[in-house]
Amino acid sequence: MTWGGLLTVAASGAAVVGFAGTASAAAVDLGLDNKGAKRVQRRLLTMYGYTGRTDGALGPNSWKATQRFLATWPGQPAPYKGAIDGGMGPATIVSLQAYLKNFRGYTGALDGRAGTGTRAAFWRFA
């Protein structure tokens, strides 16, 4: 799929937001396969206002719903405070890492980088 602004994961594991043409699902979906991304979308659909198709590709609408989840979920240890814009910048990743650390076995730093530990914990979330 082609998106205007995409999250890509550099070789270092750092999340890089930029404009690109077609990206692999692994780059956009933090390592989730299609089935895992669909599970995340279904969860977001029922509780956090996801308005897109359940197609297994986490695009801007999926990430907007994720940001709403990270901002409003009552148990969120580090609520997301940025704009609900669907971008996967460091603030979104830090909040996701805090959630994953408390509830999905993430053991890394809250550094805003979508490295292998973040992706593995996001897989467990899915």
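None of the figures in this text is laboratory data; all of them are computed from the coordinates on show. Predicted model, so just to flag it, every value in this text is computed and none were measured. All Cβ positions, glycine included, derive from the backbone under ideal geometry; neighbour counts span all protein chains shown.
Structure notes:
- Using a Förster distance of 22 Å, the FRET efficiency for Thr54-Ile84 (Cβ separation, nearest 0.05): 0.65
- Full extension of the chain between Asn61 and Arg42 yields a length gain of 5.6 nm, computed as 0.36 nm times the residue separation minus the alpha carbon distance.
- Partner lysines whose Cα lies under 17 Å from the Cα of Lys64, excluding those fewer than 8 positions away in the same chain, are identified as Lys38, Lys81.
- Extension gain (nm, one decimal) between Arg124 and Lys35, 0.36 nm per residue minus Cα-Cα: 30.8 nm
- Ala83 sits among other residues whose Cβ lies under 15 Å from its own Cβ, and their net charge, with Lys and Arg +1 and Asp and Glu -1, is +2.
- Burial order of peptide ranges 80-86, 113-119 (average beta-carbon count within 10 Å, highest first): 113-119, 80-86
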